[in-house]
Amino acid sequence: MALTCTDLRGTLPLLAQGKVRDVYTLSADHLLFVATDRISAYDVIMKNGIPNKGKLLTGLSEFWFTTVLKDVGPNHFVSSSLESLPKKLQKYSAQLKDRSMVVKKLKVFPVEAIVRGYLTGSSWVEYQKSGTVHGIRILEGMVESQAFEKPLFTPSTKAAQGQHDENIHPDKVAQLVGNEYAKKIEELSLALYTKARDYAAERGIIIADTKFEFGLDENKNVVLVDEVLTPVDSSRFWLASSYEVGRSQDSYDKQFLRDWLTKNGVKGRPGIEMPEEIVRETSKKYHEAFELLTGNAWKET
């Protein structure tokens, strides 16, 4: 059964509720992230969820934080162990087990640090109109899904909940956070993407683009925060075996759901329940990505 909402019954203050995660204040220095099984399309959350989606996303984020990316720079991950939580939370183990992370509480920069390795999505749309991506002049004659010679740092603003992010030129990041931090965010973003891209490529997955978020700790270090390199929710993954330049790719995304919503005339309508077939096909994508990247078969516990 899918968990679409958490309820800790006043044990912890609910700080924020996003499209997927519920964020609680655990202490003055730490937050508790709980990844639900909610899924959204066209900015609307579906009535039902994708069973185990939150567990898969949590497991994948922890994997990136603690293995592949741990030497690139600091991150906010502390623990995903249920036993490490205060005793007062143990009674909520059914909601928290395998889908919660304790993370450091940091001041988050108001920037979505997007890195693009391939010309696709909104970057392809902009390129066709102006030959640019986020205002950056790009090589002429490129085609859809073609790899850039070097990954591009293409940031956006981090809008308040319910509002839309705005794509910006990299130079504008300095206006938001200052030159020193802007440079560090760009350097870290490109280094993280490159490390993850190369790792995923060895396992048959192309990371076409992704977004990172960063915070600032008490020692003025720029720290990787939020979730990281998850299919659909933060990144665009393609299966390498079916990749073909010059066309759109089959992604680990919500296309099954989007197509169904459009076909049935309910795109953007709230309170929609997905049929079992859409739930099942979407779930398969999450499982496949998890198993390819971690090398571990998913086991329900």
Could you tell me which residue of the range 229-283 is modelled with the lowest pLDDT, considering only residues that are of a type in the set (Gly, Ala, Ser) and farther than 17 Å from Gly204 by Cβ? Ser234
Residues of the range 120-140 classified as under 21 Å from the mean Cα position of the chain (by Cα) and in a helix (DSSP H, G or I), total: 3
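For (1) in the same structural domain as Asp226 (by the TED database); (2) open to solvent by 10 Å² or more (accessible area, probe 1.4 Å); (3) closer than 17 Å to Thr294 by Cβ, each residue gets a yes or a no:
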position	(1), (2), (3)
Leu60	no, no, yes
Val68	no, yes, yes
Phe77	no, yes, yes
Ser84	no, yes, no
Lys87	no, yes, no
Ser130	yes, yes, no
Scanning the range 194-233 for residues that are open to solvent by less than 10 Å² (accessible area, probe 1.4 Å) and of a type in the set (S, T, N, Q), the one farthest from Arg38 (Cα to Cα) turns out to be Thr210
Filtered residues of the range 1-43 (kept if closer than 19 Å to Ile272 by Cβ, over 17 Å from the mean Cα position of the chain (by Cα) and in contact (Cβ under 8 Å) with a residue 40 or more places away in the chain): Met1, Ala2, Leu3, Thr4
Hey, can you tell me all the residues within the range 266-301 that are open to solvent by less than 50 Å² (accessible area, probe 1.4 Å), of a type in the set (Gly, Ala, Ser) and assigned to a loop (DSSP other than H, G, I, E, B)? Gly268
Flagged in the range 234-246 as in contact (Cβ under 8 Å) with a residue 12 or more places away in the chain, open to solvent by 30 Å² or more (accessible area, probe 1.4 Å) and in contact with an Asp or Glu (Cβ under 7 Å, 6 or more places away or on another chain), in numbering order, are Arg236, Leu239, Gly246
Close pairs (6 angstrom Cβ cut-off, 6 or more residues apart or separate chains): hydroxyl-bearing (Ser, Thr, Tyr) in the range 282-301, open to solvent by 20 Å² or more (accessible area, probe 1.4 Å) anywhere: Thr282/Phe256; Thr294/Phe63
What number goes with the only condition from (1) out of contact with any Ser or Thr (no Cβ under 9 Å at 6 or more places or on another chain); (2) part of a loop (DSSP other than H, G, I, E, B) that Cys5 does not pass? (1)
Could you tell me which of the residues Val34, Val23, Val72, Val44 is outside the structural domain of Phe212 (by the TED database), surrounded by fewer than 21 Cβ atoms within 10 Å (Cβ to Cβ) and touching a helix residue (DSSP H, G or I) at 6+ places or on another chain (Cβ under 7 Å)? Val72
Residue count, the range 76-87 (criterion: outside any loop (DSSP other than H, G, I, E, B), within 12 Å of Leu32 (Cβ to Cβ) and modelled with pLDDT under 95): 2
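The values are calculated or read from the model by the stated rules, or taken from the named source; none is laboratory data. Computed from a prediction, not measured in an experiment: that's the story for all the values here. Cβ: placed from backbone, ideal geometry, glycine included. Neighbour counts: every protein chain shown. Note: accessible area is taken over every heavy atom of the protein model, side chains too, but ligands, DNA and RNA are not part of it. Shrake-Rupley method; radii C 1.70, N 1.55, O 1.52, S 1.80 Å.
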